[in-house]
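Readers should treat all values here as calculations from the given coordinates under stated rules, not as data from a laboratory. All of these numbers come straight from a predicted model, not from anything done at the bench. Heads up, the Cβs are rebuilt from the backbone with ideal geometry, glycines too, and the neighbour counts pull from every protein chain shown.
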Amino acid sequence: MSACTPLIRIKDVAREFTLGTTTVQALRGVTADVARGSFQFVLGPSGSGKSTLLYLLGALDQPSRGSIEVDGRQIEKMTLSEKNQFRRNEVGFIFQSFNLLGNLTALDNVLVPFLPVGVKPGLRRRAEELLDRVGLENRKRHRPHELSGGEQQRVAIARALLKQPQLVLADEPTGELDHSTGGEVIGCLRNLNTDHGTTVVLVTHDESYIESGDQVLRLRDGKIVDQQQA
Ligand SMILES: Nc1ncnc2c1ncn2[C@@H]1O[C@H](COP(=O)(O)OP(=O)(O)OP(=O)(O)O)[C@@H](O)[C@H]1O
Ligand SMILES: [Mg+2]
């Protein structure tokens, strides 16, 4: 795949949810590209379809219509096991609530996706290096309740990065943090983006995190109302 081919191509994607007799059109024909190595913000009011779009990009959900291509492969054509593999090996997810396991240390929380298959020493070393990189060198043995919100989110970032994903999907990763802690968390993701070329798609309500050069996509009522470079 050439460097200038978009990493993600979203073509006329719709997602409807039917609950009883009510149908919610969460996305109504969204078409967009996400460039390889870009820092892509997704903005829009509550209910505009931001999380729905992010879940579709991560193969956590299926579109009702349209197609999503990631690195040349159409997600909707993947088998269940291909999707599982894609999610496990290629995508780092970061959510608003950090989803850490309370009885595990920061280090084991980073390693958690690999605990069932066994952790080789090299992987443990990498997990430690990632915790160093997100500024948690002195918190590796702490459990989540012994960490601040920002520190917990940085553990979640390290966990998402351990598999060296080409794509990180973050749904309001700063939603539970004060503004300056949120800025530090976004800073960690920016370093990843500049140092490793990892494509980051980040949903937020807070426009002040946007910097020049970022890509910005705005949704309203399930449609794109604006897409440009900041
Ligand atoms: N599983 C579901 N079943 C039914 N409706 C849903 C489901 N998920 C989302 N919706 C509806 O789809 C619309 C878009 O939801 P979505 O979660 O994508 O919004 P959002 O932009 O992420 O909002 P917020 O900023 O509040 O997180 C909403 O009206 C929501 O109620
Ligand atoms: Mg949401």
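A few remarks follow.
- Test result for Ser51, in contact (Cβ under 8 Å) with a residue 60 or more places away in the chain, within 13 Å of ligand 2 (Cβ to nearest atom) and crowded, with 16+ Cβ neighbours inside 10 Å: yes
- Failed condition for Arg36, given (1) over 30 Å from Gly135 (Cβ atoms); (2) in contact (Cβ under 8 Å) with a residue 24 or more places away in the chain; (3) among the basic types (Lys, Arg): (1)
- Some residue of region 22-41 being within 16 Å of ligand 2 (Cβ to nearest atom) and within 14 Å of the chain's Cα centre (by Cα): yes
- In region 92-118, the residues that are over 22 Å from the mean Cα position of the chain (by Cα) and either surrounded by 17 or more Cβ atoms within 10 Å (Cβ to Cβ) or assigned to a helix (DSSP H, G or I) (or both): Thr105, Pro116, Val117
- Residue pairs whose Cβ atoms lie under 7 Å apart, sitting 6 or more positions apart in sequence or on different chains, and linking a residue in region 86-102 that is more than 20 Å from Ser148 (Cα to Cα) to a partner that is among the β-branched types (Val, Ile, Thr), are Gly92/Val168.
- Residue count for region 10-44 under the criterion of being part of a strand (DSSP E or B) and closer than 18 Å to Gln228 by Cβ: the result is 11.
- Subset of region 54-91 [more than 16 Å from ligand 2 (Cβ to nearest atom), assigned to a loop (DSSP other than H, G, I, E, B) and charged (D, E, K, R)]: Asp71
- Of the listed requirements (1) within 15 Å of ligand 1 (Cβ to nearest atom); (2) among the acidic types (Asp, Glu); (3) free of Cβ contacts under 8 Å to residues at least 40 places away in the same chain, Asp61 misses just one: (3).
- When the strands (runs of 3 or more DSSP E) confined to region 124-230 are screened for residues that are aliphatic (A, V, I, L, M) and within 16 Å of Phe39 (Cα to Cα), those reaching at least 3 such residues are found at 167-171, 199-203.
- Options Thr199, Thr181; residue that is away from ligand 1 (no atom under 16 Å from the Cβ), of a type in the set (Val, Ile, Thr) and within 17 Å of Leu7 (Cα to Cα): Thr199
- Test: residue in region 95-118 that is in contact with a strand residue (DSSP E or B) (Cβ under 7 Å, 6 or more places away or on another chain) and away from ligand 2 (no atom under 16 Å from the Cβ): no
- Subset of region 45-58 (residues that are within 10 Å of ligand 1 (Cβ to nearest atom) and either closer than 15 Å to Ile224 by Cβ or in contact with a helix residue (DSSP H, G or I) (Cβ under 9 Å, 6 or more places away or on another chain) (or both)): Pro45, Ser48, Gly49, Lys50, Thr52, Leu53, Leu54, Leu56
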